[in-house]
Amino acid sequence: MKPRLLAALFAGLLTCAFAHPATMRAQELNCSVSVDYSNLSGSEFSFLEELEGKIEDYFNNEKWTDDRFQDFERISCNVEIYFQEAVSLTDFRAQLVVATRRPIYGTSQQTLVTRLRDENWEFSYTEGRPLAHNVEQYGDLTTVLDFYAYLMLGYDYDTFSELGGTPHFEQARDLAELAQSNGAPGWTPVGGRGRVALVTQLLDSRYRPFRRALFRYHLRSLDRFVAQTEAARQSALEVLQALRTVDEDVSRRYVLDLFFAVKFEELAALFEESPMESEAYALLSQLDAAHLSTYESLK
């Protein structure tokens, strides 16, 4: 059984159905992939349609970890690829958006864990080309896919066990170093953001309180909200206090911005009409001024 479920079992938050070892070895990711090449003029690019199915198969059929997953445990994710420019008939510039979700215990709902946008992806692709997974060899297409697969795994594991995503973030870092050693474009931190900056922050000891807060927020706030609403809100308040400490200790807050970008509406709803509204508003308005208008409902 994979560590993220063991942590949840220990916390007593999952049903007994999760307590038995998986009898099937399913892959980890359950990704839906979309490819949009409408920005490219000319019918000669219609072969890019095949990438949708190929990349979906690549994410969903590859075995990314040694852990055992049952089908219902697979990580729900979306991958969107937007072609921006054709440099040649086989060389492209594109944007990539990946997002992962996880179920909220005791509900039929899911919560968005992270949403990452990559606006600097350059790769070549020819019709019918197979996609081969090899973390030891750089590929302008597959290494980027691998990098985000491990980031998605890392984020998901971090929500089920404290710092549980570390091995997957480390694998993503190794891929970044491989790409940099090949002089590949898109692997240089720009303004404290981008692929390398993100994985560097996630593995930086100064950001460990953020990752621990990520775990507490999902397992002790969202997963407890139905059964222990006030305790869940108190835990969420402690998460915000921990994030304030991180914000005060670091100069680059890329991971914090990504967190609030997907959680701001959820956080506002969590505290709304509670005795903690005022304190939550004070923390949120300080930590996430970009979404202040949403937090006004807590005043």
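The values are calculated or read from the model by the stated rules, or taken from the named source; none is laboratory data. Keep in mind that what you see is a predicted model, and the values were worked out from it rather than measured. Here Cβ is always computed from backbone atoms with ideal geometry, including for glycine, and neighbour counts include all displayed protein chains.
Would you confirm whether or not the stretch 220-228 contains a residue that is farther than 22 Å from Cys77 by Cβ and among the acidic types (Asp, Glu)? Looking through the stretch 220-228, none of the residues is farther than 22 Å from Cys77 by Cβ and among the acidic types (Asp, Glu).
Listed by first and then second residue, the pairs linking a residue in the stretch 122-137 that is without any contact (Cβ under 8 Å) to a residue 24 or more places away in the chain to a residue that is of a type in the set (S, T, N, Q), with Cβ atoms under 7 Å apart and 6 or more places separating them unless they lie on different chains, are Ala132/Thr142. In summary, Ala184 fulfils each of the numbered conditions (1) over 15 Å from the mean Cα position of the chain (by Cα); (2) modelled with pLDDT of 95 or more with the single exception of condition (2). Is it the case that the stretch 136-151 has a residue that's over 25 Å from Phe83 (Cα atoms) and not in a loop (DSSP other than H, G, I, E, B)? No - not one qualifying residue is present in the stretch 136-151. Residues in the stretch 187-205 that are modelled with pLDDT of 95 or more and exposed (fewer than 15 other Cβ atoms within 10 Å of the Cβ): Asp204, Ser205. Just one of the listed residues (Leu202, Leu198, Leu175) is assigned to a helix (DSSP H, G or I), of a type outside the set (Asp, Glu) and touching a Ser or Thr at 6+ places or on another chain (Cβ under 7 Å), and it is Leu175. Of the set (1) in contact (Cβ under 8 Å) with a residue 60 or more places away in the chain; (2) within 21 Å of the chain's Cα centre (by Cα); (3) not in a loop (DSSP other than H, G, I, E, B), all apply to Leu51 but (2). Selection of the stretch 100-114 for residues being free of Cβ contacts under 8 Å to residues at least 40 places away in the same chain and assigned to a strand (DSSP E or B) yields Arg101, Pro103, Gln110.
No other residue among Gln241, Gln228 is without any contact (Cβ under 8 Å) to a residue 40 or more places away in the chain and at negative phi apart from Gln228. Determine whether the stretch 120-132 contains at least one residue that is surrounded by fewer than 14 Cβ atoms within 10 Å (Cβ to Cβ) and touching a strand residue (DSSP E or B) at 6+ places or on another chain (Cβ under 9 Å). Within the stretch 120-132, not a single residue is surrounded by fewer than 14 Cβ atoms within 10 Å (Cβ to Cβ) and touching a strand residue (DSSP E or B) at 6+ places or on another chain (Cβ under 9 Å).
Apart from one condition, Arg117 fits all of (1) under 15 Å from the mean Cα position of the chain (by Cα); (2) among the charged types (D, E, K, R); (3) surrounded by fewer than 22 Cβ atoms within 10 Å (Cβ to Cβ); (4) not in a strand (DSSP E or B); the exception is (4).
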